[in-house]
Amino acid sequence: MSTETITTQVELPEAPAKIESTWTSFVPMILIFAVFYFFLIRPQEKRRKEQDALINSVKKGEEVVTSGGIFGKVVKVNESESTVLVEISENNTVKLAKSAIVEIIGRTAAPVEAVKTVEKAPLETKVSKALLAKSKPVVKKGKK
């Protein structure tokens, strides 16, 4: 009996020249998170902080607008319960949560740039604007 061995060579595929590191695969996810943070999360946090400051600075006697669109005047502020009493008409008061206040009327501050430009305007412009605001329109009667 003869024993013959058959040998075959199997060619294996070549290994890739360079395997990507895990760091480069995370770069797109990091960029997406950065975009979300700067365009969505950060501005939303800023608006929330401004709203919290507005709510905490509500004082008696100020006119406010609620989230339901109700206009009224603050009669009493209760800091311990975080509520306000708002007079919506004569002898009609409503107890509201402070978080329901959306805006305080009459407290809007003028932008700094607008104030600077008014201060730099010549005197004639200021006077003429004041006169125009007080004057009545002139109506000319024309021929038919």
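See the values below:
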| quantity | calculated |
| --- | --- |
| Pairwise Lys count, the range 26-105 - Cα closer than 22 Å, eight or more residues apart or different chains | 16 |
| Protection proxy ranking, peptides 55-67, 25-37, average beta carbon neighbours within 10 Å, highest first | 55-67, 25-37 |
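Read-outs throughout are calculated quantities, based only on the coordinates presented, and are distinct from any laboratory measurement. Just so it is clear, the model here is predicted, and its values are computed rather than measured. Counting neighbours? That spans all protein chains shown, and the Cβs are built from the backbone with ideal geometry, glycine included.
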